[in-house]
Amino acid sequence: MNVIELERASKTYPGGLQALREVTLTIGQGELVAVCGPSGSGKSTMLHLMGTLDRPSEGRVRLLGHDMVTLSDRRLSAVRAHWIGFVFQQFFLTPHLTAVDNVAARLLYLGVPARRRAAAAREALERVGLGNRLTHRPHELSGGERQRVAIARALVARPVVLFADEPTGNLDTASGAGIFDILWKLHEEGTTVVVITHNTDLAEAVPRRVDLLDGRLQ
Amino acid sequence: MIPAPARLSAWDLVAVGLAGLRARRGRAVLSALGVAIGIASMVAVLGISAVSGAGLQEQLARVGTNVLTVGPGHSILGSEASLPLESVARVSHIPGVVGATAIGYVNGATARRTDLIDPAITNGVGVAAARLDLLATLKGTVRSGTFLNAATARYPAVVLGTYAADRFGIDRPGRQIFVAGRWMTVIGILDPLPLAPDLDAAALVGWPYAERELGFDGHPTTVYERSTDDRVTTIAKALAATANPEHPDQVQVSRPSDALTAELAARAAFNGLFLGLGAVALLVGGIGIANVMVISVLERRQEIGLRRSLGATRGQIRLQFVVEAVALSLCGGVTGTIVGLAASLLFAFAQGWPLALPAQVITLGVTAAVLVGVVSGLYPARRAAALTPTEALATR
Ligand SMILES: Nc1ncnc2c1ncn2[C@@H]1O[C@H](COP(=O)(O)OP(=O)(O)O)[C@@H](O)[C@H]1O
Ligand SMILES: [Mg+2]
């Protein structure tokens with residue numbers, strides 16, 4: 001089954017800048033896809049459309065065969081809560097919360113009762129190799145560890161697809177490699193992963209690579 | 001199936017709101033302070049009014065509202081009139097009257113602490129002859145010592161009103177003071193007399209002694225009568241003519257408990273002013289909270305974006321910020337209510353009034369805080385909810 005379908009999806013930002021031009025793309029269950037392209041080519045824009053963070057100006061976006069364009073803002077929020085996991089370049093962890101609480105916050109909007117959240121969060125942190133950092137706060141963690149907390153937060157809800165927007169952009173090579181290892185492992189376990197990256201080694205290695213230039217697929 | 005948004009439990013909402021406040025503790029305390037001051041002043045005003053009202057009401061209940069006084073009015077010539085000798089006896093025969101008594105000021109007499117003090121400086125303490133049943137009729141009490149009795153009323157013995165005693169610096173019987181040109185022994189000090197406040201500043205001597213030794217003419221200055229409650233209005237109409245049949249127009253009849261009742265009413269009007277001031281303080285506190293919340297929304301755009309990306313709906317974001325504002329305001333409100341109540345209880349304690357917790361005032365304080373929180377949180381919360389996820393996340 002196709003997890004994501006973009007059909008002639010375009011995005012024009014207010015002010016007239018066309019960041020994405022008639023992109024048609026299908027991603028199937030369990031794929032690992034690298035999105036490449038120079039800065040400003042529309043990679044993040046495309047990721048936002050696929051992840052229902054934004055709507056296309058024209059064209060269709062379908063997740064699991066359902067049209068996303070016609071959904072209300074409320075429904076889109078629920079789609080993000082249940083189906084989608086995001087990992088951002090800047091981690092976006094809450095500073096005063098422990099790793100467990102940062103991950104558990106993800107489950108709030110899924111309606112998981114409080115008593116079950118911490119256990120699920122611990123399990124997710126163990127999956128990304130942070131079983132020994134459960135009660136650390138972000139400032140007590142290295143950059144790579146912070147990004148792994150963010151990945152655990154994306155995973156804990158068992159999403160249909162994981163989107164990572166330059167997850168290693170703020171990390172040194174070694175930590176970055178660690179992050180890619182985790183993404184590979186998730187792919188091998190069957191998770192659909194879409195990752196934006198400038199890392200040529202990874203881009204060469206992944207089964208599927210998508211290149212963008214000036215908002216068009218190459 | 002496309003999923004539906006989950007409902008957040010009330011507990012989760014509160015937890016998220018409080019977490020937002022904990023992260024910015026100093027600022028939270030300062031903005032809650034504004035509300036605390038407003039609520040504290042309003043609660044204190046209402047609380048003091050409630051306990052003092054209760055105090056006055058208790059006093060009224062104790063002394064009763066069925067006492068009437070007959071005092072000298074002014075004669076046509078302007079000189080102060082006095083009442084006929086037999087006025088007390090006549091008043092006591094009116095049907096329904098259960099007690100009638102009188103005092104008579106001794107013309108030109110002064111009470112001084114010692115003979116060394118200039119007679120011109122009397123500290124406002126006049127000398128009055130008192131009937132023995134005065135205290136019982138007015139339901140007065142002695143603070144220390146005893147009131148006049150049949151024996152002491154014939155001797156140079158004096159009972160001081162509470163104000164007179166304070167003026168002389170006397171707090172227990174036994175001392176000699178200089179009254180109307182001779183030394184007399186203080187045998188008692190009275191508590192305040194709510195129905196005859198002018199006697200608080202008087203030195204009371206026995207009626208027979210005053211007539212025999214001080215040149216008192218025996219004419220009452222004021223007659224006090226207590227009746228059954230249902231007869232008060234009827235008696236009030238007949239009282240002037242009974243006390244002074246020849247010159248009923250030179251007599252003034254009044255109901256001293258009216259002054260206490262009026263004080264209760266006056267207090268309510270006075271409260272309005274302070275309540276208004278408290279409301280202004282509360283308004284300023286509310287604006288402070290709105291301000292802090294607006295800044296908070298600006299600073300936390302990334303957090304908002306993140307929560308949207310995790311699946312929070314606009315409504316959930318809005319609710320989060322309203323809950324935060326209400327929590328802030330409620331912190332201030334609860335603190336303010338406690339401070340205000342403490343102030344009013346302290347006041348009641350100092351005045352010797354009954355310590356009553358005014359439940360309505362507590363409810364009002366807390367409700368006002370919640371309202372202020374909701375109103376001041378609404379605008380910032382709407383701004384937070386209006387951000388699209390990508391706008392919010394794009395913030396640097
Ligand atoms: N919210 C926005 N409003 C206006 N222009 C935007 C917005 N977001 C991105 N852009 C512009 O759209 C183009 C594509 O941006 P983006 O998708 O972020 O590229 P990439 O992620 O490949 O670097 C860029 O020129 C960028 O400046
Ligand atoms: Mg980008």
> Can you find a residue in the range B:178-197 that is open to solvent by 40 Å² or more (accessible area, probe 1.4 Å), touching a helix residue (DSSP H, G or I) at 6+ places or on another chain (Cβ under 7 Å) and not hydroxyl-bearing (Ser, Thr, Tyr)?
Replying inline: yes
> Can we say A:Arg158 is without any contact (Cβ under 8 Å) to a residue 60 or more places away in the chain, surrounded by fewer than 18 Cβ atoms within 10 Å (Cβ to Cβ) and under 19 Å from the mean Cα position of the chain (by Cα)?
Replying inline: yes
> Could we say that A:Thr94 is within 28 Å of B:Leu8 (Cα to Cα) and either within 16 Å of ligand 2 (Cβ to nearest atom) or surrounded by 15 or more Cβ atoms within 10 Å (Cβ to Cβ) (or both) here?
Replying inline: yes
>> So A:Val33 passes all but one of these: (1) under 21 Å from A:Leu171 (Cβ atoms); (2) modelled with pLDDT under 95. Which condition number does it fail?
In response: (2)
>> For the range B:39-69: of the residues being open to solvent by 30 Å² or more (accessible area, probe 1.4 Å) and closer than 26 Å to B:Gly99 by Cα, which is nearest to the chain's Cα centre (by Cα)?
In response: B:Gln57
> Does any residue of the range B:233-244 turn out to be open to solvent by 30 Å² or more (accessible area, probe 1.4 Å) and either touching a His at 6+ places or on another chain (Cβ under 6 Å) or closer than 30 Å to B:Ala150 by Cβ (or both)?
Replying inline: yes
>> Of the conditions (1) of a type in the set (A, V, I, L, M); (2) without any contact (Cβ under 8 Å) to a residue 12 or more places away in the chain; (3) within 14 Å of another protein chain (Cβ to nearest Cβ), B:Ile317 satisfies every one except a single condition; which number is it?
In response: (2)
> Could you say whether any residue in the range A:147-160 is touching a Ser or Thr at 6+ places or on another chain (Cβ under 7 Å) and more than 16 Å from ligand 2 (Cβ to nearest atom)?
Replying inline: yes
>> Return the residues of the range A:11-48 that are among the hydrophobic types (A, V, I, L, M, F, W, C) and away from ligand 2 (no atom under 13 Å from the Cβ); say none if nothing qualifies.
In response: A:Leu17, A:Val23, A:Leu25, A:Ile27, A:Leu32, A:Val33, A:Ala34
>> As an exercise: evaluate A:Thr94 against (1) in a loop (DSSP other than H, G, I, E, B); (2) facing chain B (nearest Cβ under 10 Å); (3) out of contact with any Asp or Glu (no Cβ under 8 Å at 6 or more places or on another chain); (4) free of Cβ contacts under 8 Å to residues at least 60 places away in the same chain and give the number of the one condition it does not meet.
In response: (3)
>> Tally up the residues in the range A:74-91 that are in contact with a Gly (Cβ under 8 Å, 6 or more places away or on another chain), open to solvent by 10 Å² or more (accessible area, probe 1.4 Å) and at the interface with another protein chain (Cβ under 7 Å from one of its Cβ atoms), please.
In response: 3
> Would the range B:150-163 turn up any residue that is closer than 30 Å to B:His93 by Cβ and among the charged types (D, E, K, R)?
Replying inline: yes
> Taking B:Thr395 and the conditions (1) among the β-branched types (Val, Ile, Thr); (2) surrounded by 17 or more Cβ atoms within 10 Å (Cβ to Cβ); (3) in contact with a Gly (Cβ under 8 Å, 6 or more places away or on another chain), which numbered condition does it fall short on, given that it satisfies the others?
Replying inline: (2)
> Does A:Arg62 qualify as being charged (D, E, K, R) and closer than 30 Å to B:Arg22 by Cα?
Replying inline: no
> Which is closer than 30 Å to A:Phe92 by Cα and more than 14 Å from chain A (Cβ to nearest Cβ), of B:Gly365, B:Gly373?
Replying inline: B:Gly373
> Of the numbered conditions (1) over 28 Å from B:Val280 (Cα atoms); (2) in the same structural domain as B:Arg307 (by TED's automatic domain parsing); (3) open to solvent by 40 Å² or more (accessible area, probe 1.4 Å), B:Gly26 satisfies every one except a single condition; which is it?
Replying inline: (1)
> From the set of residues in the range A:1-57 that are among the charged types (D, E, K, R) and within 19 Å of B:Pro389 (Cα to Cα), which is surrounded by the most Cβ atoms within 10 Å (Cβ to Cβ)?
Replying inline: A:Lys43
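The values are calculated or read from the model by the stated rules, or taken from the named source; none is laboratory data. The model shown is predicted, which means the values in this text are computed figures rather than measured ones. Using ideal geometry, Cβ is built from the backbone for each residue, glycine included, and neighbour counts are taken over all protein chains shown. To get the accessible areas, we keep the full protein, side chains included, count just its heavy atoms, and leave off ligands, DNA and RNA. Shrake-Rupley method; radii C 1.70, N 1.55, O 1.52, S 1.80 Å.
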